[in-house]
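Participant: The structure under discussion is supplied below as structure tokens; questions concerning it will follow.
The values are calculated or read from the model by the stated rules, or taken from the named source; none is laboratory data. Keep in mind it's a predicted model, so treat the numbers as computed, not measured. With ideal geometry, Cβ positions are generated from the backbone for all residues, glycine too; neighbour counts draw on all protein chains shown. Calculation scope for accessible area: heavy atoms of the full protein, side chains included, ligands and nucleic acids excluded. Shrake-Rupley method; radii C 1.70, N 1.55, O 1.52, S 1.80 Å.
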Amino acid sequence: MEIKIIGAGGIGTHLLPPLCRYLDNLPQRSHIVVLDGDRYETKNAERQEFDRLGNKAEVTSEVLAKRFPRLEIEPRPIYLTTENAFVFIREGDIVFSCVDNHATRLLLSEHCASLQSVVLISGGNEYADGNVQVYVRWEGRDITPPLTHLHPEIADPKDRNPDEMSCEELARAGSPQLIFTNLLAASLMLNAFWLVTVKTLPYTEAYFDLLTGAVRPINRNGETR
Amino acid sequence: MSARQATLISGANIQEIDLPEGAITIVGVVIARYATVMNIPDGKRRVLLNGKSVVETTTVNPGDTVEVVREAGSKG
């Protein structure tokens with residue numbers, strides 16, 4: 001399997017170890033590319049798993065490559081941009097969007113829409129709630145709706161790609177998050193991945209709320225666009 | 001669900017709601033009544049009635065499902 005992980009922060013750092021463990025035990029070999037231009041800093045330790053400071057893609061890939069030597073894990077210490085998306089996201093890929101901005105979600109959704117066959121699993125959260133969306137294209141057809149469907153905040157994002165922001169802007173962009181919310185988003189994304197790969201995905205989006213303990217899967221196929 | 005109830009959804013949360021006889025039961029009023037308990041933000045929002053996009057002046061009838069489409073999580 002060709003797997004692309006976009007973002008190795010709050011969600012990505014929790015998603016990667018179980019994903020690698022699962023892939024490592026499959027008969028076929030998997031190739032994983034981890035993209036992130038950001039660096040682990042001391043302040044990230046309250047939510048994110050890392051054993052040294054440095055670029056998130058490089059640090060995470062280094063640890064996982066040692067733990068799962070059968071997997072080919074390749075770090076790319078850069079942000080996804082319109083200029084490089086076509087290089088990294090290709091036909092047949094399974095893409096996990098673990099980013100912290102809608103601008104990159106829009107970029108991913110639009111780029112995947114230009115491919116014939118691709119799976120995009122996107123997770124996002126606020127402090128105690130969030131959602132997971134699954135965009136599947138097969139042989140040039142949308143099997144499930146793109147990330148922008150019913151989500152104007154992604155179609156017309158008010159934030160920006162981190163590649164376009166200064167260090168000061170990036171520092172200001174951070175807002176409080178909870179490790180358990182990141183963990184639930186990661187877990188639901190992995191559930192969706194497993195369902196997609198065994199071809200029985202019964203929903204296209206799932207919302208979750210830690211305050212009420214609710215998880216609600218929704219099948220958005222066939223709704224008014 | 002009783003005879004005069006509908007279903008209100010926001011994000012992960014679902015609630016059976018009463019539609020009192022004689023009360024105004026348009027979408028905007030129904031949402032406003034439950035906005036606090038369901039943690040529904042004010043302002044521009046997308047509403048589905050039985051899965052179809054509607055304006056907030058649309059009438060909610062017993063048995064209907066109203067969904068306030070919650071914004072996607074922005075962080076990660």
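Participant: Using a Gaussian network model on chain A with a 10 Å cutoff between Cα atoms, which of A:20, A:112, A:98 fluctuates the most?
Facilitator: Per the Cα network of chain A with a 10 Å cutoff, A:20 tops the list.
Participant: If I model a spin label as a point 7 Å beyond the Cα along the Cα-Cβ vector, how far apart are those points for residue B:50 and residue B:37 in nm?
Facilitator: So the label points at residue B:50 and residue B:37 sit 2.5 nm apart.
Participant: Based on the Cβ-Cβ distance from residue B:14 to residue B:61, what FRET efficiency comes out when R0 is 25 Å, to the nearest 0.05?
Facilitator: In this case the efficiency is close to 0.90.
Participant: Relative to 2.2 N^0.38 Å, what does the C-alpha radius of gyration of chain B come to as a ratio? Two decimals please.
Facilitator: 1.07
Participant: Okay, next question. So how many Å³ per residue does the convex hull of the Cα atoms of the stretch A:32-93 work out to?
Facilitator: So the per-residue Cα hull volume is 94 Å³.
Participant: Please grab the % of Cα pairs in chain A that end up more than 26 Å from each other.
Facilitator: The share of Cα pairs beyond 26 Å in chain A comes to 31 percent.
Participant: If you don't mind, there's one more thing I want to ask. If a paramagnetic tag sat 7 Å from the Cα of residue A:91 along the Cα-Cβ line, which residues of the stretch A:3-32 would have the backbone N under 18 Å from that point?
Facilitator: Under cut-off, by backbone N: A:3-4.
Participant: So what is the 222 nm mean residue ellipticity for chain B from helices alone, if each DSSP H run of at least 4 adds -39500 (n - 2.57) and you divide by all residues, rounding to the nearest 500 deg cm²/dmol?
Facilitator: The helix contribution divided over chain B gives -3000 deg cm²/dmol.
Participant: Right, here's the next one. Before rounding to the nearest 500, sum -39500 (n - 2.57) across all DSSP H runs of length at least 4 in chain A and divide by the residue total; then give [θ] at 222 nm in deg cm²/dmol.
Facilitator: -9500 deg cm²/dmol
Participant: How much length is gained if the chain between residue A:43 and residue A:142 is pulled fully straight, taking 0.36 nm per residue apart and subtracting their Cα-Cα distance, in nm to one decimal?
Facilitator: That pair, residue A:43 and residue A:142, stretches by 31.6 nm at full extension.
Participant: Okay, moving on. Tell me the per residue accessible area of chain A using a 1.4 Å probe; a whole number in Å² is fine.
Facilitator: 45
Participant: Return the whole-Å distance between the Cα centroid of the stretch A:100-171 and the Cα centroid of the stretch B:7-76.
Facilitator: The distance from the Cα centre of the stretch A:100-171 to that of the stretch B:7-76 comes to 25 Å.
Participant: Between chains A and B, what is the buried accessible area summed over both chains (1.4 Å probe, protein heavy atoms, nearest 100 Å²)?
Facilitator: 2100
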